[in-house]
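In what follows, a structure is listed as structure tokens, so that the remarks can point back to it.
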Amino acid sequence: MSNANNLLDPVQLRLRGAGGIELVADRYGPPDGPAVLFLHGGGQTRHSWKQTGAQLGATGLRAVTLDARGHGDSQWALDRDYRYEAMVGDVLAVLEQLGGGPVVVVGASMGGITGLLATAAPGGDAISALVLVDIVTRPEPEGVNRVLTFLNRNPDGFATLDEAADAVAEYLPHRPRPESNAGLLRNLRERDGRWYWHWDPGILGDESADPDEMARILDGAARAIDIPVLLVRGLQSDVVSAAGAAEFMQLVPHAELVEIGNAAHTAAGDDNDSFTEAVAKFVIRSR
């Protein structure tokens, strides 16, 4: 097998986050290539980035797709600490293990918020550029609530994979339903004869958290950012509206905006080719 084909197969990494929590990641591409760290959204896993990671790895970039704490194959937090402060600590620890920078960070939803906050934290200067995937400092409450409603549903799991596929199809009505349920096996685990999402329910966090205070913190981080920034918005998104994107662009005047017509909030999975092309162009320009 040629080296180019080998780059399409990920190398699993075991990393340490804040407090020593074990995090699992996949690396695509050469171990010494320019690094791009991918941070998925809530309830997702590193496999959300599989196609993009493989394509970037084939170009000589070192694409690292990380399972956040409590997600995928990463360790669940014993103290159920899934605050953004903890996830920022994880990212900063991972950046050190990747060589200390410069690293381009690509974050979707929860991962985008984590990446933005990390740029303002001590050690965040290792981040050389930031891609926010359908997330801004003030997302639409209705869209956010729809995401949280989906994550809160089915705490007792599913009797079959078809039931899980039905739930996903209802949540993502804009996306063609896959012919096979095999892809769901990356996000589900079987236990006692039922299928459960493979993330800690504790990630849903503290419902008493003040969203206005979080928005103010994010606004401050956005105003202070002086590295290249790309905002990728799905034109069908109910989480980032045109007005929300425009407001973000005022906070970060030097940011670039790419809108993907066939995508909603889950932009990377909705139109992976367009997403990967936009990210690859930005990463290459930002190196």
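The values are calculated or read from the model by the stated rules, or taken from the named source; none is laboratory data. What you are looking at is a predicted structure, and each value in this text was computed from that prediction instead of being measured. Positions of Cβ are generated from backbone atoms using ideal geometry, with glycine treated the same way; all protein chains shown enter the neighbour counts. The area values use the complete protein model at the heavy-atom level, side chains included, leaving out ligands, DNA and RNA. Shrake-Rupley method; radii C 1.70, N 1.55, O 1.52, S 1.80 Å.
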| message | With a 10 Å cut-off between alpha carbons and a GNM built on the chain, which of ALA267, ALA77, ALA35 moves the most? | response | ALA77
| Most positive-pole-ward Cα, GLY112, VAL88, GLY99, against dipole of region 78-133 from beta carbon charges | GLY112
| Area projected by the alpha carbon convex hull of the chain, averaged over all directions, nm² | 14.5
| task | Could you please report the charge total around PRO173, scoring K, R as +1 and D, E as -1 over all other residues with beta-carbon less than 14 angstrom from its beta-carbon? | result | -1
| Using a 1.4 Å probe, what is the accessible area per residue for region 204-287, in Å²? | 50
| query | Taking all protein chains as present, what is the carbon and sulfur share of the accessible area of the chain, in % to the nearest whole number, probe 1.4 Å? | reply | 51
| request: Could you list which residues have their amide H under 5 Å from that of GLU256, counting only those 5 or more apart in sequence or on another chain, with H placed in the peptide plane? | output: VAL229, LEU230, LEU231
| request: Only Lys, Arg, Asp and Glu count, each charged at its Cβ (+1, +1, -1, -1), so figure out the dipole size of the chain about its Cα centre, rounded to 20 debye. | output: 720
| query | Using r as the Cβ-Cβ distance of VAL11 and ARG189, and R0 as 22 Å, what FRET efficiency do you calculate, to the nearest 0.05? | reply | 0.45
| Choice from HIS40, HIS254, HIS198 showing the highest fluctuation, given a GNM over the chain with Cα pairs closer than 10 Å | HIS254
| note | With only helices counted (DSSP H, runs n ≥ 4, each -39500 (n - 2.57)), the per-residue ellipticity at 222 nm for the chain, to the nearest 500, works out to -10500 deg cm²/dmol
| said: Can you give me the long-range amide H partners of LEU39? Hydrogens built in the peptide plane at 1.01 Å from N, cutoff under 5 Å, separation of 5 or more residues or another chain. | reply: VAL106, GLY107, ALA108
